[in-house]
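For reference, the structure is listed below as structure tokens.
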Amino acid sequence: MGAVMGTFSSLQTKQRRPSKDIAWWYYQYQRDKIEDELEMTMVCHRPEGLEQLEAQTNFTKRELQVLYRGFKNECPSGVVNEETFKQIYAQFFPHGDASTYAHYLFNAFDTTQAGSVKFEDFVTALSILLRGTVHEKLRWTFNLYDINKDGYINKEEMMDIVKAIYDMMGKYTYPVLKEDTPRQHVDVFFQKMDKNKDGIVTLDEFLESCQEDDNIMRSLQLFQNVM
Ligand SMILES: [Ca+2]
Ligand SMILES: [Ca+2]
């Protein structure tokens, strides 16, 4: 996914590319455009109409075309599987073990629990993560932490997420990592989030706590940075 995000950021630089001459550049642009349109009609897992995706996300049609090109380059079959997520994250975190976190992340992208992430799923999530409102990002994060997708976050789930992040960062990032640190992290999280102290965090509790507490927001921001 990071690689495709890279493609996304190249989207801006692509438009600022120093021109050889106007005619050359225009030719490249037209060729890209035609190829994009051709690809759009030829894939096995055809994404929904671009207009529909444009309406559903915060991306323009042109941005969607560029994202789609990157997606198809990385994943010629038109879908991403969990193994691809794991491979990409392993490249980004070579000193840790990112496989568990990649697994949770994959499940958050795979909203229909189909076992694969289609282009539509991918850009929908990317749109929220890059250009969504705070509320949308928090909702998405809540869903990521709610591992069994029952609508609540319990302590075990939070513990599993925090451990997965620590594993991914590896011992070089946390050289003096103490055994009880993930537990402390989870306890602090729960003290603040679980307003009615019933042992589970609901979406409402999560949204309320996050928005009223700058520390939690910063800490979540830190988590989001690894996405
Ligand atoms: Ca849950
Ligand atoms: Ca509660």
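With θ taken as phi - 60° and the Karplus curve 6.51 cos²θ - 1.76 cosθ + 1.60 applied, the whole-hertz 3J(HN,Hα) list for the stretch 138-152 is 5, 4, 5, 5, 4, 5, 5, 6, 7, 4, 8, 6, 9, x, 9 Hz, x standing for glycine and proline.
Classification of the stretch 107-167 by its C-alpha gyration tensor yields a prolate form. The axis ratio a/c (a ≥ b ≥ c) is 1.5 or more, and a/b outweighs b/c. Note that the stretch 198-213 has calculated 3J(HN,Hα) couplings of 9, x, 10, 10, 8, 4, 4, 4, 4, 4, 4, 4, 5, 6, 9, 10 Hz, one per residue in order, obtained from phi through the Karplus relation 6.51 cos²θ - 1.76 cosθ + 1.60 (θ = phi - 60°); glycine and proline are x.
In the stretch 113-163, a dipole from Cβ-located charges (positive for Lys and Arg, negative for Asp and Glu) runs towards its positive end, and of SER116, THR133, ILE161 it is THR133 whose Cα lies farthest in that direction. The loop-placed trypsin sites (Lys or Arg not before Pro) in the stretch 98-204, going by DSSP, that have at most 10 neighbouring Cβ atoms within 10 Å of their Cβ come out as LYS178, LYS197.
Since every read-out is calculated from the coordinates, none of them should be taken as a lab result. Predicted, not measured: the structure shown is a model, and the values here were computed from it. Cβ atoms come from the backbone with ideal geometry, glycine included; neighbour counts cover every protein chain shown.
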